[in-house]
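Q: Sending over a structure as structure tokens; questions will come in a sec.
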Amino acid sequence: MNTKKAGFNTKLVHAGMIEDQFGSATVPIYQTSTFRFKSADHGAECFADDTHGYIYTRINNPTIDALENLVAELENGYRAIATASGMGAVNTIYMALLSQGDHMVSTAAVYGPSRVVMEKHYSRFGIEATYVNTSNPKDVKKAIKPNTKVLFIETPSNPTMDITDIKEMVKIAKEHNLITVVDNTFCGPYLQMPLDMGIDIVFHSVTKSMNGHADIVGGIIIVKEKELYKKVRAMMVTLGCNMDPHQAYMVIRGLKTLSLRVEKCQENAKVVAKFLEDHPKIAWVRYPGLKSHPQYKLAQKQMNGPGAMISFEVKGGLKAGKVLMDNVKLAILAVSLGGIETLIQHPASMTHSKMDKASRESAGITDGLVRFSVGIENVEDIIADLSQALEKIK
Ligand code: LCS
């Protein structure tokens, strides 16, 4: 079926499907490292242009193609590039876009390792970055230098839930000839479509809501235009951080229920966020669906919904937060997010622990901040779990 003009949910179920000789209703897993050429000339043709046939799974593979075609359609991109992990996507993008002497401006509160790898490792090769709160366009403009090449945004940011005005960033980037990149992991394509707002490259850790079942890690990059796509694809192939066919199959399966899962997680999150905001032992809550969020209006304009991620701090800071984390029974004390199961974690000592304390604090990642990813369980059970754990705080 041609799904180009179909609705989002129809695309989730049918886009990218392979019609194989047996009429398989699901995408077959082509678990092979290499592909037989029809002739020597055909092999040469494939190497000259990899759309002429399959070569080798690091370069291309029908199951991975199916996922890439599906996601490119969901995000309105030219084509997509699946990677071994979200960090595989981050490094592919950095390596493809930045050379010695170049500079990047980025959201300060990005996923910890996205920043650590830049500051600790790309710096060794003469690439530098300035980290600012991209919610303030003025700070972004101030950080741009003559050698700035890339504007890298994460919105909402992990874990501070700050929201960056994507259209405003596109405007600034155009004035300075920058390539724009959005980490769309927290939203996924159901809640936010950065390419439609003028962004050049979007990527996800598909480990999160896109796969949704906490059973694989993976990443995907979606590029708006052909020339940039070719550059990023070539880098992924050279780095060798391709997705595996079995992994791709799992993501395709997870994606079929993306809207249903995200809607349910979000419906629960709205209730949990309000419960936390009203609870006497909670100091503050950051959730884009609450009027108390400083960018509530922007969230409503830019996102199709507030999502299922909540950050908050317990009164009494880290000590009290630890009592909460040690006493939850339904919520799993684990990193990751966006799945069907509720997770709780402590960014300062876990996901963002490799960032130095000063950078963490200036990015708003306080020691007391607790991150909560709401799942699809019965919301009364999630709240009962939080209530009993909060009662343990004296
Ligand atoms: N970008 C964001 C926004 C993320 O949250 C993560 C992982 C990545 C990129 C990297 O993806 P990965 O390589 O893990 O597939 N975030 C995690 C988190 O917050 N907890 O555990 C992993």
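The values are calculated or read from the model by the stated rules, or taken from the named source; none is laboratory data. A quick note: this is a predicted structure, and the numbers were derived from the prediction, not measured. Counting neighbours? That spans all protein chains shown, and the Cβs are built from the backbone with ideal geometry, glycine included.
Q: Could you tell me which residue of the stretch 1-40 is surrounded by the most Cβ atoms within 10 Å (Cβ to Cβ), considering only residues that are among the β-branched types (Val, Ile, Thr) and within 25 Å of the chain's Cα centre (by Cα)?
A: Kept after step one, since they are among the β-branched types (Val, Ile, Thr), are these residues of the stretch 1-40: 3, 10, 13, 18, 26-27, 29, 32, 34.
After this cut, where a residue has to be within 25 Å of the chain's Cα centre (by Cα) as well, the list is 3, 10, 13, 27, 29.
Numbers: THR3: 18, THR10: 12, VAL13: 16, VAL27: 22, ILE29: 18.
Filtering the stretch 1-40 for residues that are among the β-branched types (Val, Ile, Thr) and within 25 Å of the chain's Cα centre (by Cα), the one surrounded by the most Cβ atoms within 10 Å (Cβ to Cβ) comes out as VAL27.
Q: Does the stretch 64-81 contain any residue that is within 16 Å of the ligand (Cβ to nearest atom), within 27 Å of LYS4 (Cβ to Cβ), of a type outside the set (A, V, I, L, M, F, W, C) and buried (at least 18 other Cβ atoms within 10 Å of the Cβ)?
A: Looking for residues that are within 16 Å of the ligand (Cβ to nearest atom), within 27 Å of LYS4 (Cβ to Cβ), of a type outside the set (A, V, I, L, M, F, W, C) and buried (at least 18 other Cβ atoms within 10 Å of the Cβ), one finds at least one in the stretch 64-81, hence yes.
Q: Give, as residue ranges, the helices (runs of 4 or more DSSP H) completely inside the stretch 84-183 that count at least 1 residues that are within 12 Å of the ligand (Cβ to nearest atom). Working first, answer last.
A: Details: elements: 86-97, 112-116, 137-143, 166-176.
Correct list: 86-97, 112-116.
Q: Here is a follow-up. List every residue pair whose Cβ atoms lie under 6 Å apart, where the two residues are 6 or more positions apart in sequence or sit on different chains, the first residue falls within the stretch 18-41 and is of a type in the set (D, E, K, R), and the second residue, located anywhere, is surrounded by 10 or more Cβ atoms within 10 Å (Cβ to Cβ) and in a loop (DSSP other than H, G, I, E, B).
A: ASP20/PRO28
Q: Out of GLU313, GLU263, which single residue is of a type in the set (Asp, Glu) and in contact with a strand residue (DSSP E or B) (Cβ under 6 Å, 6 or more places away or on another chain)? Spell out the reasoning first.
A: Working: GLU263 fails: in contact with a strand residue (DSSP E or B) (Cβ under 6 Å, 6 or more places away or on another chain).
Among GLU313, GLU263, only GLU313 is of a type in the set (Asp, Glu) and in contact with a strand residue (DSSP E or B) (Cβ under 6 Å, 6 or more places away or on another chain).
Q: Okay, moving on. Scanning for something surrounded by 14 or more Cβ atoms within 10 Å (Cβ to Cβ) and among the aliphatic types (A, V, I, L, M), does the stretch 41-57 turn up at least one residue?
A: Looking for residues that are surrounded by 14 or more Cβ atoms within 10 Å (Cβ to Cβ) and among the aliphatic types (A, V, I, L, M), one finds at least one in the stretch 41-57, hence yes.
Q: Considering only residues that are among the polar types (S, T, N, Q) and either within 12 Å of the ligand (Cβ to nearest atom) or modelled with pLDDT under 95 (or both), which ones fall in the stretch 184-208? It would help to see each step written out before you state the result.
A: Step one: of the stretch 184-208, the residues among the polar types (S, T, N, Q) are 184-185, 192, 205, 207.
Hits for the stretch 184-208 are ASN184, THR185, SER205, THR207.
Q: Six or more apart or on different chains, Cβ under 7 Å: which pairs go from a residue in the stretch 229-248 that's farther than 17 Å from GLY218 by Cβ to one that's outside any strand (DSSP E or B)? Could you list them?
A: From residues that are farther than 17 Å from GLY218 by Cβ, the pairs are TYR229/TYR78; LYS231/ALA96; MET235/THR92; MET235/MET95; MET235/ALA96.
For every residue, the table says whether it meets (1) farther than 26 Å from GLY305 by Cα; (2) touching a residue at least 12 places away in the same chain (Cβ under 8 Å).
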{"residue": "MET87", "(1), (2)": "no, yes"}
{"residue": "HIS121", "(1), (2)": "yes, no"}
{"residue": "TYR131", "(1), (2)": "yes, yes"}
{"residue": "ASN158", "(1), (2)": "no, yes"}
{"residue": "ASP162", "(1), (2)": "no, yes"}
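Q: Kindly establish whether THR351 is hydroxyl-bearing (Ser, Thr, Tyr), buried (at least 17 other Cβ atoms within 10 Å of the Cβ) and more than 11 Å from the ligand (Cβ to nearest atom).
A: Values: hydroxyl-bearing (Ser, Thr, Tyr): yes; buried (at least 17 other Cβ atoms within 10 Å of the Cβ): yes; more than 11 Å from the ligand (Cβ to nearest atom): no.
No; evaluated as a whole, the condition is false for this residue.
Q: Can you name the condition, by its number, that ILE144 falls short on among (1) aliphatic (A, V, I, L, M); (2) crowded, with 20+ Cβ neighbours inside 10 Å; (3) over 26 Å from THR366 (Cα atoms)?
A: (2)
Q: Moving to a separate point now. Using beta carbons and a limit of 6 Å, which pairs, at least six apart or on different chains, have the first residue in the stretch 355-370 and part of a helix (DSSP H, G or I) and the second one crowded, with 18+ Cβ neighbours inside 10 Å?
A: ARG360/HIS352
Q: Inside the stretch 253-304, can you point out the residues that are out of contact with any Leu (no Cβ under 7 Å at 6 or more places or on another chain), over 21 Å from THR160 (Cβ atoms) and of a type in the set (A, V, I, L, M)?
A: The answer is LEU260, VAL271.
Q: Kindly provide the set of residues from the stretch 299-340 that are buried (at least 18 other Cβ atoms within 10 Å of the Cβ) and in a loop (DSSP other than H, G, I, E, B), ordered by number.
A: MET303, GLY305, PRO306, GLY307, ALA308, VAL328, LEU330, ALA331, LEU337, GLY338, GLY339
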